[in-house]
Amino acid sequence: MTARVGLIIPSSNRMVEQEMVPAFPAGVAAHVTRLRMTGANRLAFDQLLPRIESAARALIDARCDVVAFHCTANSMESGKTGEEHILAALTRAGAPRATTTITAIQRAFSTLAARRIVLVTPYSASTTEHEAEFLREAGYDVLSAQGFALDGSDAYCATPAQFWRDRIIAAARPNADAYLISCANISVFGVIDDLETRLERPIVTSNQAVIWDALRLIGWRTPPRHLGRLFAVSTADVPVHVTPAG
């Protein structure tokens, strides 16, 4: 039997197929569809929602067992209400199970009992602060939020994993519960284990969290290797709607 995960991603993303899709375990197939929704193609949220629903319907045609709207910044664009609207659009489209990037990240934090977060992104200062504010409103304590203002998708894809390793080490906080490296279009998988060994704290990334949440939602119990502590903890009792650990 093959389980199927549907991913709705920005049209400019090149890291999902390169790094994320191959990380799914044998027996799980990932199906990707694209939307023009970032950069020059940015849409108002009320224009984006019907496109998300249409893209989800296309993935349901492929018999996907779970559908994820996978764009970190856009999944936080309109706050918690916007996240709920995206999940509702996926469900209306017929998705048996649904998630978004930020939904998966919050579920990961809940499983890891992480409330105090260090955030690192490739985005502008304003986008990074918007993400930090989303997390604060969701109940997390953002100890530090640093965006490195990389120049769009080409720069995101060209930046080596070592760059993110070094930036996370430089941002280390002794009281952090977890570190979030935000963005679905950057390469991070190769440094997760090293960072967790050095910092003795879990690393959560956009692509890693969505893999984890999708597998959890379909009841898959054979985790990928080398994707961090998140896959080493029990996920059986993680609720669909979570609140941060207090």
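The values are calculated or read from the model by the stated rules, or taken from the named source; none is laboratory data. In this text, all values refer to a predicted model and were calculated from it rather than measured experimentally. So basically every Cβ, Gly included, is an ideal-geometry build from the backbone, and we count neighbours across all protein chains shown. Just the protein is used for accessible areas: all its heavy atoms, side chains included, with ligands, DNA and RNA removed. Shrake-Rupley method; radii C 1.70, N 1.55, O 1.52, S 1.80 Å.
Tabulated values for the structure
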item	result
Nitroxide proxy distance, nm - points 7 Å out along Cα→Cβ at THR2 and GLU129	4.7
Under the Karplus curve 6.51 cos²θ - 1.76 cosθ + 1.60, θ = phi - 60°, whole-Hz ³J(HN,Hα) for region 33-45, x wherever Gly or Pro sits	10, 10, 10, 7, 8, 10, x, 5, 9, 4, 10, 5, 4
Carbon and sulfur %, accessible surface of the chain computed with the full protein complex present, 1.4 Å	48
Dipole of the chain, positive end: most advanced residue of GLN18, THR121, LEU143 [Cβ charges, Cα centre]	GLN18
Accessible area expressed per residue, the chain, with surrounding protein chains retained (probe 1.4 Å, Å²)	41
For the chain, the fraction of alpha-carbon pairs in successive 5 Å shells from zero, as %	1, 7, 15, 20, 22, 18, 12, 4, 1, 0
Solvent-free Debye scattering, log10 I(q)/I(0), computed from the Cα coordinates of region 90-143 at q = 0.22, 0.25 Å⁻¹	-0.88, -1.00
Approximate spin-label separation ARG34-ALA232, in nm, with each point projected 7 Å along Cα-to-Cβ	3.7
Spin-label pair LEU43/ARG173, simplified geometry with 7 Å Cα→Cβ offset, distance in nm	3.5
Point-charge dipole on Cβ atoms (K/R +1, D/E -1) for region 60-131, about Cα centre, debye to 20	280
Extension gain from SER54 to LYS80, taking 0.36 nm per residue of separation minus the Cα-Cα distance	7.2 nm
Estimated FRET transfer efficiency (THR222, ALA88; beta-carbon r; R0 30 Å; 0.05)	0.45
